[in-house]
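In what follows, a single structure is set out as structure tokens and then discussed.
The values are calculated or read from the model by the stated rules, or taken from the named source; none is laboratory data. Note that the structure is a prediction, hence the values are computed from the model and not measured. Positions of Cβ are generated from backbone atoms using ideal geometry, with glycine treated the same way; all protein chains shown enter the neighbour counts. Quick note on the areas: whole protein, heavy atoms, side chains included, nothing else; ligands and nucleic acids left out. Shrake-Rupley method; radii C 1.70, N 1.55, O 1.52, S 1.80 Å.
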Amino acid sequence: MALLIQNGDIVNATGRCRADLWCEGETVTRLAPGLAVPPDFAGEAEVIDATGKLVFPGFIDPHTHIYLPFMGTFSKDDYASGTRAALLGGTTTLFDMCIPGRGVPPWEGFHTWAEQAAGRAACDYAFHLGIGGGGEAYRAELAEVVKQTGQTSFKVFLAYKNALDLSDADLYATLKLGRKLGVRTTAHCENAELIAERQAELLAAGKTGPEWHHESRPPRVEALGVHHLCSFAELTDASVYIVHLSCQEALQEALAARGRGVDVAVETLIQHLVLTHEETKRPAFEGAKFVMSPPLREKHHQEVLWARLADGVIDTVATDHAPFDFEGQKEMGRGDFTKIPNGIPSLEERVKVLFSEGVATGRLTPERFVEVASTNAAKLFGLYPRKGLLAPGSDADVVIYDPGAKSCISAATHAMNVDYNPFEGMAITGRPETVILRGEVAVRDGKFVGTAGRGQLLRRDRGA
Ligand code: URP
Ligand code: ZN
Ligand code: ZN
């Protein structure tokens, strides 16, 4: 298996150059102008002409829910459909949240997720280990899972009262363990108690539709969650990562903590960058398609998110891909918005929408695009320089991107196993034309040609 990619513009987070890329087996072995197929590979290597194309390292989604038992149902994708959609969208590695729920021992949780993925995944993947309990025995087992599997990150929830939320005592102990193991703790930051109180008030006042979801968890509720997490991180010297940060108030709390020396990384979502709270007001309960937490916000937050993404303050853009059908699943919340399964699918669209709305509009340089959609996740979660970089020695995960291609997003043509697309009708500039995973073409001319089961569970180092 050998590949020569010629005449493309190679874009890494650190810069770009016109060069050729030679990949042997699963690895990039040479990057230089004017490369030719070496004589001992004559007739065996595939040559791809990338003239006029951008050549990116494979994109990394640091936050997905391919398999997710949640709010009385399950997310719709499985690892076959989810990773196929990921590859079609240019994502070659994803981090799924392994969240088996309260009381499930860490090994059992890990094995459940690993069994879901094995034999189905077509792209590479890793897990953030969800914390579903406390006590010394639980944490000792968790430490073993980290050591034996190389899954070097945790996931905690400060939201979802009586379901996924963690007590302060367990949060404190988890962060101390993370510090000891060199493990970064990712966190959903919203104040669970405030949400529960406000939900009850709204329902009692007859405010039951999806448009009230935002009112139950406004920006200050998220900011309070970020303040809480960062205070605990400050006192434990732990490294933390705020998932799906959606608003200016929450970002200010994270920046204040950074100013005090807290090691806090920030993720935002493609949904929060381009969709607003207005979507939840669609008639005939269609607003339920746009219910997620933290909620979609008002437009003015987007300007802040884009600016802070461009200037290096926000580290990553993820999807938080949590696909629930409108029919039969989102509909569970008719008459009570608190029962709408939270989540918006986007695994297939993140890279395309970010390029189209970010790079093609001039908001992001191509280098910064690579950094927030690939390189920073690799660095933060212990995969760099194997992933997130095109250089000799890196995995041959390559996305050949046609920057001028035009398309329109639609559920009628998407590969995600869900009955709607939140970006329906959006005009897109640019597309991942060829996607290569560890030296093997998985998407050719926009069509999936990958292999279910070829995706690997990645052992990771400690992150940056
Ligand atoms: O609404 C969301 N974000 N659903 C998925 C679960 C989570 O909170 O990340
Ligand atoms: Zn969350
Ligand atoms: Zn999530």
In terms of the alpha carbon gyration tensor, root eigenvalues a ≥ b ≥ c, rounded if a/c is under 1.5 and otherwise prolate when a/b exceeds b/c or oblate, region 394-453 is oblate
Given labels modelled 7 Å from the Cα in the Cβ direction, how far is it in nm from residue 412 to residue 334? 2.6
Cα gyration tensor of region 338-464, axes a ≥ b ≥ c as square roots of the eigenvalues: rounded (a/c below 1.5), prolate (a/b > b/c) or oblate? rounded
How high is the relative contact order of the chain? Use alpha-carbon pairs under 8 Å, at least six apart in sequence, and give a whole percent. 22
Please report the carbon-and-sulfur percent of the accessible area for the chain; probe 1.4 Å, protein heavy atoms only, DNA, RNA and ligands left out. 50
Take residue 1, project a point 7 Å from its Cα along the Cβ direction, then tell me which residues of region 44-71 have their backbone nitrogen under 14 Å from it. 45-46
Two-site label geometry, residue 163 and residue 42: point separation in nm, points 7 Å out along Cα→Cβ: 6.4
Result for region 201-275: accessible area per residue, probe 1.4 angstrom, in square angstrom, of 33
Using 0.36 nm per residue, how much length does the chain from residue 201 to residue 235 gain when fully extended, once their Cα-Cα distance is taken away? 8.8 nm
When the dipole is taken about the Cα centre of region 31-183, and only Lys, Arg (+1) and Asp, Glu (-1) are charged at their Cβ, what size is it in debye, to the nearest 20? 540
To the nearest 500 deg cm²/dmol, what mean residue ellipticity at 222 nm is calculated for the chain from DSSP H runs of n ≥ 4 alone, each contributing -39,500 (n - 2.57), summed and divided by the residues? -8000 deg cm²/dmol
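Going highest first, how would you order 88-98, 320-330, 102-112 by mean Cβ packing within 10 Å?
Details: 88-98: 27.4, 320-330: 22.7, 102-112: 16.6.
Ranking the peptides 88-98, 320-330, 102-112 by packing returns 88-98, 320-330, 102-112.
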Which entries in 289/406; 352/406; 207/281; 352/447; 299/379; 299/406 show an alpha-carbon gap greater than 20 Å? 289/406; 299/379; 299/406
To the nearest 20 Debye, how big is the dipole of the chain about its Cα centre, given +1 on the beta carbon of each Lys and Arg and -1 on that of each Asp and Glu? 400
Cα gyration tensor category, rounded, prolate or oblate, for the chain with a/c compared to 1.5: prolate
